[in-house]
Structures are given as C-alpha cells and as structure tokens.
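Below: one structure, written as structure tokens.
The values are calculated or read from the model by the stated rules, or taken from the named source; none is laboratory data. What you are looking at is a predicted structure, and each value in this text was computed from that prediction instead of being measured. Neighbour counts are summed over all protein chains in view; Cβ atoms, including those assigned to glycine, are modelled from backbone coordinates with ideal geometry.
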Amino acid sequence: MGRSLLKAALRPGLIVLLSLLCWLSLSPFAVAGINDDRYDGNIFVLYAGNGSLVPVKETLAQALGQGRPTMLTFYVDDSQDCKQFAIVVSRLQEFYGRRTSFLPISVDALNPETTPTPTDAAYYYRQGVPQTVIFDETGQVRFDQTGTVSYETLDRVFRDIFDLPAKTTKDFQRRSYNEFNTELAE
C-alpha cells in the first residue's frame, strides 16, 4: 500500500517532467551563422567583434562637414554577404578610423517616403547590399560599388586619398577563429 501511494504521488510530476523534456527537444535552437541569410543580431558586433561602429554617431552631412574622408556602408543584418563584409569594414576602421568617418547604415532605417539630398546617406543607396561609398575630404565620391569588396581594393582607395605608398604585401585571407567571428590575416 505504501508503494502504490508513492507511485501515485510521483506519477504527475514524472508526466510533467517528460512533457517538458519532449517540448524542449522539439523547439528550434538559436543558431547564428555567417554563411546564411538569417537574422542573428547586429553583424558588426557578432561577426566583426566591433560594436564601436554601430549605432552611427554622426550623419553624412556632419562627417562631410568635418573635411574628412568618409566611408558609407549600406547593409542589412540578415544577409550572408553583409555578414562576411563586416570584418572588412571593421579592419578598415582599425587602420583609418582616426582620420576617416565610418558610417554603416542599415537600409532598414532608410525612409523611402522622403526625397534625399546629396548630404543624406539615402541619396547614394542603389538598392543592393552591401554597398560601399567612399568620399574624399572634399566630399567627392571616389568609390561606389555594390557587393562584397576586398579589403585590398578599399585599402587602395584610401591609400590614394591619403597619398600613401602602395601596399606590397600579399592579400589578406579570411580566417575563422570561432563560429561567429572571423579575421583578415596575411
């Protein structure tokens, strides 16, 4: 009789526990990946390890008004190409950030209802991501391309703007050091 009372008392708890385990095993797990088009969070924080790029601290008008070269990067957080390009933007900021304004602009934040002017970032957006636009210190567009661009290509543009000698080392290769972050290394 004592045993049957114990079984009767434990049975509801056991049923709840088994139901919970079944429910947890059927629910999808959050999996972030640089090689997919799913939203995982901000790409500059997750895949470039650089939270200093976002949120943008100045407008295009403010950046151009300082007489500094400026790099606009249009992106979306749920694009494989944008995720992979984030490390290039971060690496460029590492080398040129003291003398260049970096403005990563989420295209989701652009207002399609307004008519942009040449001092608005939206004026330069051409409906593709990632898109990179580089202005020199006078505000002239020196580079404008949609799609992923190599670090070396953008580095050449900045070297030309700053009148620096051409780089003679080999190209950087993307190297992953965990499931989220990559780096560019020689």
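For the stretch 37-47, the condition of being crowded, with 22+ Cβ neighbours inside 10 Å, within 13 Å of the chain's Cα centre (by Cα) and in a loop (DSSP other than H, G, I, E, B) holds for at least one residue.
Within the stretch 79-94, identify whether any single residue is over 21 Å from Gln145 (Cβ atoms), in contact (Cβ under 8 Å) with a residue 40 or more places away in the chain and in a loop (DSSP other than H, G, I, E, B), and answer yes or no. No, that holds for no residue. Kindly indicate whether any position in the stretch 164-186 is of a type in the set (A, V, I, L, M, F, W, C), modelled with pLDDT of 95 or more and not in a helix (DSSP H, G or I). Looking for residues that are of a type in the set (A, V, I, L, M, F, W, C), modelled with pLDDT of 95 or more and not in a helix (DSSP H, G or I), one finds none in the stretch 164-186, hence no. Here the stretch 77-126 is the region considered, the condition is being closer than 21 Å to Arg38 by Cβ and of a type in the set (Asp, Glu), and the residue that is nearest to the chain's Cα centre (by Cα) is Asp77.
Can you say whether Val76 is over 24 Å from Leu164 (Cα atoms), surrounded by 14 or more Cβ atoms within 10 Å (Cβ to Cβ), touching a residue at least 40 places away in the same chain (Cβ under 8 Å) and of a type in the set (A, V, I, L, M, F, W, C), as far as the supplied structure shows? Yes; evaluated as a whole, the condition is true for this residue.
Among the residues here, Ile105 qualifies as closer than 17 Å to Pro55 by Cα and in a strand (DSSP E or B).
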